[in-house]
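Q: Dropping a structure here in structure tokens format, bear with me for questions.
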Amino acid sequence: MMTELRNDVMRRAEATPWMTAVRLGGESATYGELAESVSSYETVMSRNGMSSEAAIYAALLHSLPSLAKVSDPAKQGAMIDQVLAWLGRNLPFSGGSLRAVG
């Protein structure tokens, strides 16, 4: 899901960098801003042995600073999940399914 989301943000940034990707409170980030931030953080994450998926989270915290100021980790996580769901709202469902084994 995260790879598809990253690729979608990059594709939209190429076509419409000026378009607002997400709003949160009084803040907003365009697809161009998110793509630039993701690209920058991918370099940092790679250099430090972290997954490229971490770059998306870092880019969101960078582009929407109010997310980084949320002191309750559960609330911050829920807010990030909502932002990710919004950004991926047009992507086909690619998640697995749960099943019982035994």
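Quick note: the coordinates plus some simple rules give every number you see, no bench work behind them. All values derive from a computational prediction rather than experimental measurement. Please note: Cβ atoms are built from the backbone with ideal geometry, for glycine as well, and neighbour counts cover all protein chains shown.
Q: Only residues that are outside any helix (DSSP H, G or I), surrounded by 13 or more Cβ atoms within 10 Å (Cβ to Cβ) and of a type outside the set (A, V, I, L, M): list them for segment 36-58, please.
A: Passing the criteria: only Ser52.
Q: Let me ask another. Out of Gly26, Gly49, Gly32, I need the residue that is more than 19 Å from Thr3 (Cα to Cα) and either aromatic (Phe, Trp, Tyr) or free of Cβ contacts under 8 Å to residues at least 60 places away in the same chain (or both). Which one? Outline the logic, then answer.
A: Values: Gly49 fails: more than 19 Å from Thr3 (Cα to Cα); Gly32 fails: more than 19 Å from Thr3 (Cα to Cα).
So the residue among Gly26, Gly49, Gly32 that is more than 19 Å from Thr3 (Cα to Cα) and either aromatic (Phe, Trp, Tyr) or free of Cβ contacts under 8 Å to residues at least 60 places away in the same chain (or both) is Gly26.
Q: If we scan segment 53-71, do we find a residue that is farther than 17 Å from Arg6 by Cβ, among the polar types (S, T, N, Q) and under 11 Å from the mean Cα position of the chain (by Cα)?
A: Quick first cut of segment 53-71, residues farther than 17 Å from Arg6 by Cβ only: 65-71.
If we keep only those that are among the polar types (S, T, N, Q) too, we end up with 66, 71.
Pick out the ones that are also under 11 Å from the mean Cα position of the chain (by Cα) and you get none.
No, segment 53-71 contains no residue that is farther than 17 Å from Arg6 by Cβ, among the polar types (S, T, N, Q) and under 11 Å from the mean Cα position of the chain (by Cα).
Q: Could you tell me whether any residue of segment 9-19 is more than 13 Å from the chain's Cα centre (by Cα), in a helix (DSSP H, G or I) and of a type in the set (Lys, Arg)?
A: yes
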